[in-house]
1. Sort through Leu104, Leu138, Leu96 and tell me the only one that's in contact with a Leu (Cβ under 8 Å, 6 or more places away or on another chain), at pLDDT below 85 and not in a loop (DSSP other than H, G, I, E, B).
2. If you take the residues of region 221-234 that are in a helix (DSSP H, G or I) and out of contact with any Pro (no Cβ under 7 Å at 6 or more places or on another chain), which of them is modelled with the lowest pLDDT?
3. What are the residues in region 8-23 that are over 19 Å from the mean Cα position of the chain (by Cα), part of a helix (DSSP H, G or I) and at pLDDT 90 or above, if any?
4. Name the pairs: first residue in region 196-208 and assigned to a strand (DSSP E or B), second residue basic (Lys, Arg), Cβ to Cβ under 7 Å, at least 6 apart or on different chains?
5. Taking Arg77, is it basic (Lys, Arg), at pLDDT 85 or above and touching a Pro at 6+ places or on another chain (Cβ under 9 Å)?
6. Those residues that are within 13 Å of the chain's Cα centre (by Cα), part of a helix (DSSP H, G or I) and either small (Gly, Ala, Ser) or surrounded by 18 or more Cβ atoms within 10 Å (Cβ to Cβ) (or both), I need them from region 44-86; list them, please.
7. When you check Glu164 against the structure, is it of a type in the set (Asp, Glu) and exposed (fewer than 15 other Cβ atoms within 10 Å of the Cβ), yes or no?
Amino acid sequence: MVATVLEKRGYSVETAVDGEDALARALARPPDLLITDVMMPKMDGWALVRQLRAHTELAMLPVIFLTALSSEDDRIRGFRLGADDYVTKPFRFEELDLRVTKTLRRTQQAMQETREQLGGSGLRGDLSQVGLSSLLVLIEMERKTGLLQLRAPGGPSAQVLVREGKVVHARLDDAEEPVDADCVYYLLTWGAGEFEFIACLVEGVDRVNVSTTHLLMEGARLIDESGAPPAAAPVATIPPLNARPDDDSDTI
């Protein structure tokens, strides 16, 4: 029924029978949006999104959870994993249609603006619009070198050094711990704040020594296991690319 409604709105819709099937289809042909249930055979929705976020080409894929799990803890868990929206059953098809349109428009506009700004010497924006995971993927794709500064609203600030797209060092400005990979995992929990990227020469050894894919995958796992919601004003505790199909319709 969901597929029928969205197809009538002009979207190209591909359906999967379970989480494993969805992962395989998304890897074979990356969609513009994923709508997933949580309770599914073989691989549940939580695991599906974690797996998707571990692949660079799908790390920025917008996700809408459509599920009967309606508790606040479940909603928080969904947003911790990087969901763009969370719709509980029962729902109205008109509402889902509006949320799909809004999510696609917001995501595509934010990513396009970020790519254009990354093409210059600097970039700044809001973490609530473009999350750190998306930023790191874009920086890796563009093989940028420079300093990424992050500041939480009324909270701490941090610096992330990247060289040729790879994170080589990360630290908080006013705390000795966490640092490097652990600091990135902590920063991935920030649900709000400001960021600024400045292109500059980055010297010194690589103190992280893992890929962006590994950072995102391990960060998602730690966030999911921690049970802590994304922090609008983070505290110092540590514990998901759009690929166009051949036609002009968005693939879901």
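The values are calculated or read from the model by the stated rules, or taken from the named source; none is laboratory data. None of the values given here were measured: they were computed from a predicted structure. All Cβ positions, glycine included, derive from the backbone under ideal geometry; neighbour counts span all protein chains shown.
1. Numbers: Leu104 fails: at pLDDT below 85; Leu96 fails: at pLDDT below 85.
Within the list Leu104, Leu138, Leu96, the selection yields Leu138.
2. Filtering region 221-234 for residues that are in a helix (DSSP H, G or I) and out of contact with any Pro (no Cβ under 7 Å at 6 or more places or on another chain), the one modelled with the lowest pLDDT comes out as Asp224.
3. Glu20, Asp21
4. Glu196/Arg124; Ala199/Lys144
5. Here the answer is no, as Arg77 does not meet what is asked.
6. Taking region 44-86 as the starting set, the residues that turn out to be within 13 Å of the chain's Cα centre (by Cα) are 49-64, 78-85.
When the remaining residues are screened for being part of a helix (DSSP H, G or I), the result is 49-53, 56-58, 78-80.
The answer is Val49, Arg50, Gln51, Leu52, Arg53, Leu58, Gly78, Arg80.
7. So Glu164 passes the test.
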